[in-house]
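Notes follow once the structure below has been shown.
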């Protein structure tokens, strides 16, 4: 079982990734360049897969399956961190939006790593 602060950390990470996804959706909707739209869609898919793992872990937080869910989640985080230099949102013309998305993602990954 995860301590209360760990549960809150997981909830906070879910919130941060959800916020990053909402910003990506806005950026995708306003993009007029197909190559940027494709990169943003790819990043959205990656974050959505991470969010699915996070929600699965959250569902098991008080059960014996939680340890397995966290292992899968941390593996997903490691893969994302390995691709860190290939972040698609860095190609956004709006630097503030790109920075905000990167910040949300970074905070969420840090929270997950601390579980």
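Observations on the structure shown:
- Acute angle (nearest 10 degrees) that the helix 34-59 long axis makes with the longest principal axis of the chain, alpha-carbon atoms: 10 degrees
- Virtual spin-label span in nm between residue 22 and residue 94, 7 Å along Cα→Cβ: 1.3 nm
- Tail beyond 23 Å, pair distance distribution of the range 4-113 (Cα, percent): 27 percent
- C-alpha long axis of helix 95-113 to longest principal axis of the chain, angle in °: 20 degrees
- Between helix 4-30 and the chain there is an angle of about 20 degrees, using the helix long axis and the longest principal axis of the Cα atoms.
- Over the chain, dividing the summed -39,500 (n - 2.57) contributions of all DSSP H runs of at least 4 residues by the number of residues returns a 222 nm mean residue ellipticity of -27000 deg cm²/dmol.
- Percentage relative contact order, the chain, counting C-alpha pairs under 8 Å, at least six apart: 44 percent
- By the Kirkwood approach, averaging reciprocal distances over each pair of separate Cα atoms, the range 1-45 gets a hydrodynamic radius of 11.9 Å.
- Nitroxide proxy distance, nm - points 7 Å out along Cα→Cβ at residue 81 and residue 103: 2.2 nm
- Gain on full stretching of the segment that runs from residue 72 to residue 59 - 0.36 nm per residue minus C-alpha separation: 3.3 nm
Every number in this text was worked out from the coordinates using simple rules, so none of it is lab data. Note that the coordinates shown come from a computational prediction; the quantities given were computed from them, not determined experimentally. Neighbour counts run over all protein chains shown; Cβ positions are idealised from the backbone, glycine included.
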